[in-house]
Every structure is written in structure tokens, then in C-alpha cells.
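The values are calculated or read from the model by the stated rules, or taken from the named source; none is laboratory data. Just so it is clear, the structure is predicted and the values come from calculations on it, not from any experiment. Backbone-built Cβ (ideal geometry, glycine too); neighbour counts: all protein chains shown. SASA here: full protein model, heavy atoms, side chains in, ligands and nucleic acids out. Shrake-Rupley method; radii C 1.70, N 1.55, O 1.52, S 1.80 Å.
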Amino acid sequence: SGDTKIAAGLPLSAENIAFLDEVAETIIPTTNTPGAKAAGVGAFMNTMVVDCYEEKDQKVFTDGIGKIEEASQKKFSASFMNATPEQRKELLTEIDKEQKEYNKNKKPEDSNHYFSLMKQLTLLGYFTSEVGCTQALRYVAVPGRYEGCIPYTKGEKAWAT
């Protein structure tokens, strides 16, 4: 809505967008298909948080960047950006477990968990990007007829269209 305020620290700095790209890349790494960083998920998160989130969730999200950084310093004596991919994965796996516990016991009036927001935006940003739709998913620009039931072989890509 037009009366939504923008929390301090938004829009995010280029450094914070790069940080979010690395968080997203840890969640969806490059394999035989490009990862979240190639899809520009950090910039997508910035746009979504600024344009679509309420002020309280904007604050939770931006505070979450500092919390991940703090946790990385505490656990590895290194910033998240200087941590190895294995260390990043280990740290975010722990934070993911923490957010799942938090959400299990969350009351309606409680704020969202920052990592829930980051993870949701990573998935949304990636799978709605050109890279995600055309390389991670199967894509046909002009789909053919509807087939309600088709054979599926384990390991096949899902359809974007």
C-alpha cells in the first residue's frame, strides 16, 4: 500500500545484495545448472523486500543479514563472505533448523523468522527467473495440448510451463 514505510537500510547496499547472492547460492548452488547467484536472486530479494514487505518484515529481513554475519564470525571467526562454501552450508543448515523450530512454535502475533523470508525469496526468485525456468526446469515457450497424466521418470526436471 502507499502508506507502507521503508525500514532503515533499504534499499540494500550493493554489498548486502552480494551477501544475499551468496546466501541464495548456498541454498541453490550451481551444479549442472546455474545457481541462484546467476539468476540475480540478491537483487530480486531487495526489490521484493522494498516493494512488497511490511515495515516489520523489512526490519526482520535486514536484521537477518547481521545475524548471519554474527553467527559466521562466532562459529568460524570469519565473515560469511570469507567462509568456505562448506562452512556457509553448515551455518545455513543450522539456521534453517532453528527457523523450522521457531515456526513450529510461532504464534500469529510473532514476527517471521529472517531465514524463512530469505529462503522463500530465494526459491521464488530462482524459479521465476529465466535461468530457473529454462535451465533448472523444463520449458516450452508455447506448450502443446494439455495432458493430465504423463509418465514420470525419477530425476526428471519439473515443468515451468
Open item on the list: Consider the range 122-147. How many of its residues are among the charged types (D, E, K, R) and more than 19 Å from Thr30 (Cα to Cα)?
Closed with: 2
Task: Long-range neighbours under 8 Å by Cβ, at least six apart or interchain, first residue modelled with pLDDT under 85 within the range 144-161, second open to solvent by 70 Å² or more (accessible area, probe 1.4 Å) and assigned to a loop (DSSP other than H, G, I, E, B) - done: Trp159/Tyr139; Ala160/Tyr139; Thr161/Tyr139; Thr161/Ala141; Thr161/Pro143
Task: Given (1) touching a residue at least 24 places away in the same chain (Cβ under 8 Å); (2) touching a Ser or Thr at 6+ places or on another chain (Cβ under 9 Å); (3) of a type in the set (Val, Ile, Thr), index of the condition Thr134 fails - done: (2)
Task: Every residue from the range 115-143 that is over 30 Å from Tyr102 (Cα atoms) and open to solvent by 70 Å² or more (accessible area, probe 1.4 Å) - done: Glu130, Gln135, Tyr139, Ala141, Val142, Pro143
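One line per residue, one yes/no per condition, for (1) of a type outside the set (D, E, K, R); (2) modelled with pLDDT of 95 or more; (3) farther than 22 Å from Pro11 by Cβ:
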{"position": "Thr62", "(1), (2), (3)": "yes, yes, no"}
{"position": "Asn82", "(1), (2), (3)": "yes, yes, yes"}
{"position": "Glu101", "(1), (2), (3)": "no, yes, yes"}
{"position": "Glu109", "(1), (2), (3)": "no, no, yes"}
Open item on the list: Checking the structure you have, find out if any residue of the range 119-134 is more than 18 Å from the chain's Cα centre (by Cα) and not small (Gly, Ala, Ser).
Closed with: yes
TODO: Those residues that are more than 23 Å from Ser79 (Cα to Cα) and of a type in the set (D, E, K, R), I need them from the range 1-59; list them, please.
DONE: Asp3, Lys5, Asp51, Glu54, Glu55, Lys56, Asp57
Open item on the list: I want to confirm something. Restricting to the range 27-49 and keeping residues that are of a type in the set (S, T, N, Q) and part of a loop (DSSP other than H, G, I, E, B), which single residue is surrounded by the fewest Cβ atoms within 10 Å (Cβ to Cβ)?
Closed with: Asn32
TODO: Output yes when any residue across the range 59-67 is open to solvent by less than 80 Å² (accessible area, probe 1.4 Å), under 23 Å from Glu130 (Cβ atoms), touching a Gly at 6+ places or on another chain (Cβ under 8 Å) and not aromatic (Phe, Trp, Tyr), and no when none is.
DONE: no
Task: Of residues in the range 53-105 being touching a helix residue (DSSP H, G or I) at 6+ places or on another chain (Cβ under 9 Å) and not in a helix (DSSP H, G or I), the one nearest to Asn16 (Cα to Cα) - done: Ser79
